[in-house]
Structures are given as structure tokens and as C-alpha cells.
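The values are calculated or read from the model by the stated rules, or taken from the named source; none is laboratory data. Values in this document were obtained by computation on a predicted structure and should not be read as measured data. Methodologically, a virtual Cβ is constructed for each residue, glycine included, from the backbone with ideal geometry; neighbour enumeration extends over all protein chains shown. We work out accessible area using only protein heavy atoms, side chains counted, and drop any ligands, DNA or RNA first. Shrake-Rupley method; radii C 1.70, N 1.55, O 1.52, S 1.80 Å.
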Amino acid sequence: MAMTRTPVRRVLDYTVLSVLAFVFALPALYLFLGSLKPSDEVLNGLSGFLPTHLSFDNYAAVLDSLNSDSTGYFWQFMGVSVLLSFVVVTGGLIVNSMAAYGLTRLKWRGQNAVFTLVLLLMLIPFESVAVPLFYMFNGQRNTLFIQALPFVANAFAIYQFHTFFKKIPTSIEEAARLDGAGPWRTFFAIIVPMSRPVFASVAILTFLIQWGSFLWPVLMVSDPSVRPLPLEMSVFQGQQPPDWGQILAFGVLLVLPVLIVFAFFQRWFVEGVASSAVKG
């Protein structure tokens, strides 16, 4: 029998959660307020939270400073990151969902061994294979192709899809087969529409990883024309003397697309989390 919470317990729970949410939101608040302040007022400790001398001058300065052939163009860096993220997310959703479906529903020799290999790949951090990959693809440096290729197939994404697909009743697919649907039609016409929550979850997580990717571009990119936004931010931050107001403004511009993507997918993302919690 489920226990009902008393009003006092409910108020206490929400108070604790609100305090924790506020604490976790403080860095983001400091980032936003600092981006609107003059540089000499940014690193002033707790007084940095005071909304004084606010303006959008730092944003204008960032866009103006990255607006020439010698420095590169801000919107070009942004475009590279958007394109790479779109390719990795879209390609990853297709490749990883199909791989997971094959491991979950199709019966073939070695199926369990391949899935075990996928699980083992989840234990290998990218940093441990970055240098070997660098030497393997050294001839492809400074291309968009090589920045996206290693991240399309993802073991963790396959595992997420695999876990969700296993919870879909097999009777639905059996009914589709009786109607003459093959594996391809069953997957795209039935499984995919039913799996929007896990597609949203994988899309958000993949986008977060790809959008913030830094190590691989550091190794593979030296041409500003194919430089993604996180790498350009490190170059911008290294300028002397550092202008912290502009650096924080750059940080806000880097974070905004992430918030937009999450806002777009949040409905299905929350459904996926709730579904996993209930079924788990």
C-alpha cells in the first residue's frame, strides 16, 4: 500500500528541492549576469550577482571581434557546430536505433556476443582511443567529415534504444507481420512512432556531447574555417588581456542552442524518463 505524504512532509520536500534547484542554478545565473557587466565587475565574488551596470555591450563586442578574415567569423563557427551536431544526431538516431532493433528483435547467430561487445564498448572512454584515432585519420584533418565520423555510432545510444525496444510488446510486431509487413516497414511504420520518448532522450544526450566536443577538434582541427564553437571559445579566452565580460557573453551564446534543443524535445524527454522509471 502506497504511503501518502503529510502536508508538512510535502512542504519540506518542495523546500529542499527548491533550495537545491536554486543552488544548481547559481552558476548559470552568474554566467548570464556577468555577460551583461563590464569586465572589471565580473570577478567580484558574490557581488557579481548584483544586477548593476547591465548592457549588451559584451555581446556586440564578441560579434564585432569575430568578424574578419584574420579572426574568423562567429556565425561561421556557430554554423560548423550546428552542422556537425545535426549530422551526428541525425545519423546517430538512424544508425543506433537500427542497430538496437537488430539486436533486440531479429534473431541471428552471435546476437548475444555482439550485444555484449556493445556493453563492453561503453566502458572504454573516448580519451583512451583518441590518439590512435588521430594517427589513423591524420590524413583527414581539417575536414567536417572526420569531426563527425567517430561519434555517429554510439554504444550507449544503442543500449538506450535496446532497453526501450525490449519493453514494446512483441504482439504488435506479430500483428504487423500477419498484415504482410516486413522488418523494415515494421521498424519505420510501427516501432519508430512508438519510440518518440527514447528518440528524444538520445537526441538530447547526443547533442549535448557533440555540441561540447573539445578534445577531438583540438587534435584534428587547425583551420579556422572548420573550427567548431567550443574550440573557438578556447582561442578567444586565450587572448591577452582576457576580457571576462566578453568571455562570459561568449559562454551564453554557446549555451543558448542547448537550451533551445532541450526546450524543443523536453516533452518527449520527460515522457521517456517517466516511462523508464515506471517500467523499471
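Just a few scattered comments:
- When the residues of region 42-78 are filtered to those that are modelled with pLDDT under 85 and assigned to a helix (DSSP H, G or I), the one that is most open to solvent (accessible area, probe 1.4 Å) is LEU46.
- Scope region 195-206; condition in a helix (DSSP H, G or I) and touching a helix residue (DSSP H, G or I) at 6+ places or on another chain (Cβ under 7 Å); matching residues: ARG196, PRO197, VAL198, PHE199, ALA200, SER201, VAL202, ALA203, ILE204, THR206
- Restricted to region 79-126, and to residues there that are open to solvent by less than 40 Å² (accessible area, probe 1.4 Å) and of a type in the set (S, T, N, Q), the residue that is nearest to PHE156 (Cα to Cα) is ASN96.
- Scan of region 127-169 for residues that are more than 26 Å from LEU83 (Cβ to Cβ), in a helix (DSSP H, G or I) and open to solvent by less than 30 Å² (accessible area, probe 1.4 Å), ordered by number: HIS162, PHE164, PHE165
- Tally of residues being open to solvent by 50 Å² or more (accessible area, probe 1.4 Å) and of a type in the set (A, V, I, L, M) across region 220-248: 1
- THR163 satisfies every condition listed in (1) within 17 Å of SER97 (Cβ to Cβ); (2) in contact with a helix residue (DSSP H, G or I) (Cβ under 7 Å, 6 or more places away or on another chain); (3) among the polar types (S, T, N, Q) except (2).
Conditions tested, residue by residue: (1) touching a residue at least 60 places away in the same chain (Cβ under 8 Å); (2) under 28 Å from SER39 (Cα atoms).
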{"position": "ALA200", "(1), (2)": "yes, no"}
{"position": "LEU208", "(1), (2)": "no, no"}
{"position": "ASP223", "(1), (2)": "yes, no"}
{"position": "MET233", "(1), (2)": "no, yes"}
{"position": "GLY238", "(1), (2)": "no, yes"}
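- Within region 170-184, the set of residues being in contact (Cβ under 8 Å) with a residue 24 or more places away in the chain and open to solvent by less than 50 Å² (accessible area, probe 1.4 Å) comprises just one member, GLU173.
To keep it simple, each residue is scored yes or no on (1) among the hydroxyl-bearing types (Ser, Thr, Tyr); (2) within 14 Å of the chain's Cα centre (by Cα); (3) in a helix (DSSP H, G or I).
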{"position": "GLY180", "(1), (2), (3)": "no, no, no"}
{"position": "PHE188", "(1), (2), (3)": "no, no, yes"}
{"position": "PRO193", "(1), (2), (3)": "no, no, yes"}
{"position": "LEU208", "(1), (2), (3)": "no, yes, yes"}
{"position": "SER213", "(1), (2), (3)": "yes, yes, no"}
{"position": "PRO217", "(1), (2), (3)": "no, no, yes"}
{"position": "PRO230", "(1), (2), (3)": "no, yes, yes"}
{"position": "PHE236", "(1), (2), (3)": "no, no, yes"}
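- The residues of region 219-228 that are part of a helix (DSSP H, G or I) and among the hydrophobic types (A, V, I, L, M, F, W, C), listed by number, are LEU219, MET220, VAL226.
- Residues located in region 24-61, provided they are of a type in the set (Ser, Thr, Tyr) and either touching a residue at least 40 places away in the same chain (Cβ under 8 Å) or touching a strand residue (DSSP E or B) at 6+ places or on another chain (Cβ under 7 Å) (or both): SER35, SER39, TYR59
- If the condition is being open to solvent by less than 60 Å² (accessible area, probe 1.4 Å) and either at pLDDT below 85 or among the aromatic types (Phe, Trp, Tyr) (or both), then region 3-40 contributes only TYR30.
- Some residue of region 8-17 being closer than 24 Å to LEU248 by Cβ and part of a helix (DSSP H, G or I): no
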